[in-house]
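Enquirer: One structure follows; several queries about it will come next.
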Amino acid sequence: MDITVENVLKTYGLQRAVDSISFHVKTGEILGFLGPNGAGKTTTMKIITNYMIPDKGVVKIGGKSMPEYANELKRHIGYLPENNPLYDDMPMLDYLEFVAGLQEIPKEKIDERIREMVRVCGLNAEKHKKIGELSKGYKQRVGLAQALIHDPEILILDEPTTGLDPNQIVEIRKLIRELGQHKTVILSTHILPEVEATCDRILIINKGKIVADGTSENLRKQAQGQDMIKAGIKDGDPNEIFKALQELPGSSVVDFIDRNRNRFEIQSKPDHDLAREIFNLCVARKWVITELTPVETKLEDVFRELTMN
Amino acid sequence: MKPIWIITKRELRSYFDSLIAYILLVLFLAFSGFFTWLFGSDIFMSGQASLRSFFSIAYWTLFFFIPALTMRLLAEENRSGTLELLLTKPVSDRDVVLGKFTAALTLIIISLLFTLPYVITVSSIGNLDSGAVFCGYLGLVLMSAVYISIGLYASSITSNQIVAFMTAIFIGLFFHILFDVLASSFTGLTGEIFSFLSVSTHFESMARGVLDTKDLIYFLSLIVLGLKMAEDSLAKRNI
């Protein structure tokens, strides 16, 4: 099932939490929802799951629009809300049974699904405890289990890896990747490596508006514009090297990183193979290259550039 | 229908797991038993085989116990955020309200069932009017349902249980006694209107053994109104 969000607007008082955003998520796509705190990620997710009704705009899932077909569509959604609210006074297995009942899983299949969830989410060691007695990581797994129990076609996960230890984070990411092959997944996070590790596509949202949309490579390229190269060159006078670098046909801006150790940062002009030019220059002048690295713009930089100001 | 039942089952289990149910049962039976059998204008003073004194005691004990039962129902879900989980399942706002309503009402009916020994005892002493007893119990159930729906509404407008409790008592007081007081201080149409609005007017007539459609309509419309308001305030998601 695909998800289409069209011109969705939601205001809290005077503040526009979500400001006329539109996007489309294809079936089987894992979409990472990025944004600083208070950007409107959670509100958008609440609207997609029909917990909130938008002031304007439509959410369509599998071609059907949300408030009208809510009860039918909600069956296909697995949702893990922010802060993972659970009934603390309920034993974990009873809780999963309760959710399975609400999701209208046939009675004879409930036990099987619960066993499956206990296995997939690694709950076996703590399965007879009350939810309130569990550690944060286990609670998070219970939250995931309740979202997955009816094998939904759409998964909406609001910060799924908070509170997990590094091993669990790797496991959960792997699980999301696996699930994402057949399901449509939207996950929000502000952990950037997580998006790069799990998501097919990234949506960056700031102050209720989408500011970037694409794969992580695309976003990097967009933000970067031209290639950058870090070069370290020995056996020459720094100023002479600096000048020679500036005169290269492919270089636009040259900067010292470290004057004492002759390290430079050179920005290339479009459609020039700057690395080759630097290499040839050094061969001709008999300088020794100690370092020649392409600088990759990190997703962090893209994120900061788009969301600061 | 099914989600309502699942929610009811969970609520009932939570009442019994958290001891609220047992505390309610013990306190309700202790209060009503003490005042019915041992103290004040008890059953032996009236010189009649009748449960009128029990009904008037239960009329007050239930009034105070019900808000304590209902205050948690929606306010707690609001506070902890579990409401969001519940409502993003294939469950409508109405299912949630009705499920919780049924759970609280079931608990009240259970506690009323524990007073059946009173009926047996009194009927062995003298000639008990079984119609009046039935009407009295029905009146108690309907009155409880009214206060549960008011309590649910009070619980839906806040995420603080104490506020929910106070609001329920405050709204309840009007129906329980204030309209009656107002009715006696006005004459003519105004007096009649206040008298009609008062729960006590309708409950008294049922406790006497008179089953009138007017009373039934009164109780049912208050129940529906309370539940509808709870549903509407839940739909706002504004807490």
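Computed from the coordinates by the stated procedures, all read-outs in this text should not be read as laboratory data. Source: prediction; values computed, not measured. Cβ sites come from the backbone with ideal geometry, for glycine too, and all protein chains shown count toward neighbours.
Enquirer: What is the Å³ per residue value for the convex hull set by the Cα atoms of region A:1-145? Intermediate values should be presented prior to the final figure.
Expert: Working: hull volume 19.8 nm³, N = 145.
Cα convex hull per residue, to the nearest whole number: 136 Å³.
Enquirer: Please give me, ordered by residue number, the GluC sites (Glu not before Pro) of region A:87-183 that lie in loop per DSSP and have at most 15 other Cβ atoms within 10 Å.
Expert: Numbers: sites: A:GLU97, A:GLU104, A:GLU108, A:GLU112, A:GLU116, A:GLU126, A:GLU133, A:GLU153, A:GLU171, A:GLU178; in loops: A:GLU104, A:GLU153.
Answer by residue number: A:GLU104.
Enquirer: How do A:50-60, B:148-158, A:267-277 rank on mean C-beta neighbours within 10 Å, highest first? Walk me through the numbers on the way to the answer.
Expert: Details: A:50-60: 17.5, B:148-158: 27.0, A:267-277: 15.2.
Top to bottom by mean Cβ count within 10 Å: B:148-158, A:50-60, A:267-277.
Enquirer: Cross-link candidates for A:LYS298: which lysines have Cα within less than 23 Å, leaving aside residues fewer than 8 places away along the same chain?
Expert: Candidates past the 8-residue exclusion: A:LYS41, A:LYS174, A:LYS207, A:LYS209, A:LYS221, A:LYS230, A:LYS269.
Enquirer: Report, in whole Å, the centroid distance computed from the Cα atoms of region A:257-297 and region A:156-195.
Expert: Answer, in whole Å: 39.
Enquirer: Let me ask another. Per residue of B:79-87, count partner chain C-beta atoms within 10 Å of its C-beta, then hand back the mean as an integer.
Expert: Values: counts 1, 5, 6, 5, 2, 9, 14, 6, 6.
Across B:79-87, the average partner-chain Cβ count within 10 Å equals 6.
Enquirer: Which of the helices in chain B meet the span-like rule: DSSP H, Cα axial reach of 27 Å or more, Kyte-Doolittle mean at least 0.0?
Expert: On the way: long enough: B:52-80 (43 Å, 0.48); B:93-113 (30 Å, 1.40); B:130-156 (39 Å, 1.48); B:213-236 (34 Å, 0.75).
Passing helices, by number: B:52-80, B:93-113, B:130-156, B:213-236.
Enquirer: Compute the Rg to Rh ratio over region A:226-296 from the alpha carbon atoms, using the Kirkwood formula for Rh, and round to two decimal places. Working shown, then result.
Expert: On the way: Rg = 10.7 Å, Rh = 11.7 Å.
In region A:226-296, Rg relative to Rh is 0.91.
Enquirer: Further, regarding this structure: Over all directions, the average projected area of the alpha-carbon convex hull for chain B comes to how many nm²? Intermediate values should be presented prior to the final figure.
Expert: Working: hull surface 55.6 nm².
Mean projected area for chain B: 13.9 nm², to one decimal.
Enquirer: How large is the convex hull of the C-alpha atoms of region B:103-168 per residue, in Å³?
Expert: Output value, Cα hull per residue: 88 Å³.
Enquirer: Treating the Cα atoms of region A:59-184 as identical point scatterers in vacuum, please give the log10 of the normalised Debye intensity I(q)/I(0) at q = 0.13, 0.19, 0.20 Å⁻¹, two decimals.
Expert: Log-scaled intensity ratios, in q order: -0.52, -1.10, -1.21.
Enquirer: Another question about this same structure. Which chymotrypsin sites (Phe, Trp or Tyr not before Pro) does region B:39-128 hold that lie in a coil by DSSP with at most 11 other beta carbons within 10 Å?
Expert: Working: sites: B:PHE39, B:PHE44, B:PHE54, B:PHE55, B:TYR59, B:TRP60, B:PHE63, B:PHE64, B:PHE65, B:PHE101, B:PHE114, B:TYR118; in loops: B:PHE39, B:PHE114.
Here the sparse-neighbourhood loop sites are B:PHE39.
Enquirer: Now for a different question. Sort out for me the Cα centre separation of region A:103-154 from region A:47-69, rounded to whole Å.
Expert: 27 Å
Enquirer: Roughly how many Å is it from the Cα centre of region B:165-210 to that of region B:116-135, as a whole number?
Expert: Each part's Cα centre sits 27 Å from the other's.
Enquirer: Can you work out D for the protein assembly as shown in µm² s⁻¹ from Stokes-Einstein, where Rh is the Kirkwood radius over C-alpha pairs, the temperature is 25 °C and the viscosity is 0.890 mPa s? Walk me through the numbers on the way to the answer.
Expert: On the way: Rh = 28.1 Å.
The estimated diffusion coefficient comes to 87 µm²/s.
Enquirer: What FRET efficiency comes out for A:ASN37 versus A:LYS286 if R0 is 41 angstrom and r is the Cβ-Cβ distance? Round to the nearest 0.05.
Expert: Details: r = 54 Å, r/R0 = 1.33.
My answer for the efficiency is 0.15.
Enquirer: Using DSSP to call loops (not H, G, I, E or B), can you name the GluC sites (Glu not before Pro) in region A:25-93 whose Cβ has at most 14 other Cβ atoms within 10 angstrom? Write down the numbers at each step before the final one.
Expert: Working: sites: A:GLU29, A:GLU68, A:GLU72, A:GLU82; in loops: A:GLU29, A:GLU68, A:GLU82.
The qualifying sites are A:GLU68.
Enquirer: While we're looking at this one, here's another question. For A:GLU240, project a label point 7 Å along Cα to C-beta. Then give me every residue of region A:274-290 with its amide nitrogen under 11 Å of that point.
Expert: Only A:285-287 pass the distance filter.
Enquirer: Also: Could you give each residue of region A:161-168 its phi-based ³J(HN,Hα) in whole Hz, using Karplus coefficients 6.51, -1.76, 1.60 with θ = phi - 60°, and x for Gly or Pro?
Expert: Residue by residue, region A:161-168 yields 9, 5, x, 9, 7, x, 5, 5 Hz.
Enquirer: Measuring from label point to label point, each 7 Å out along Cα→Cβ, what is the A:GLU68 to A:ASP200 span in nm?
Expert: According to this spin-label approximation, the distance is 2.7 nm.
Enquirer: Taking every pair of Cα atoms in chain A, average 1/r, invert it to obtain the Kirkwood radius, and report Rg/Rh to two decimals.
Expert: Details: Rg = 25.2 Å, Rh = 22.3 Å.
Across chain A, the Cα-based Rg/Rh ratio is 1.13.
Enquirer: Right, here's the next one. Between A:ASP258 and B:ILE120, what FRET efficiency comes out of the Förster formula 1/(1 + (r/R0)^6) with R0 = 60 Å and r the beta carbon distance, rounded to 0.05? If you can, show how the numbers build up before the last one.
Expert: Working: r = 97 Å, r/R0 = 1.62.
Efficiency for this residue pair is about 0.05.
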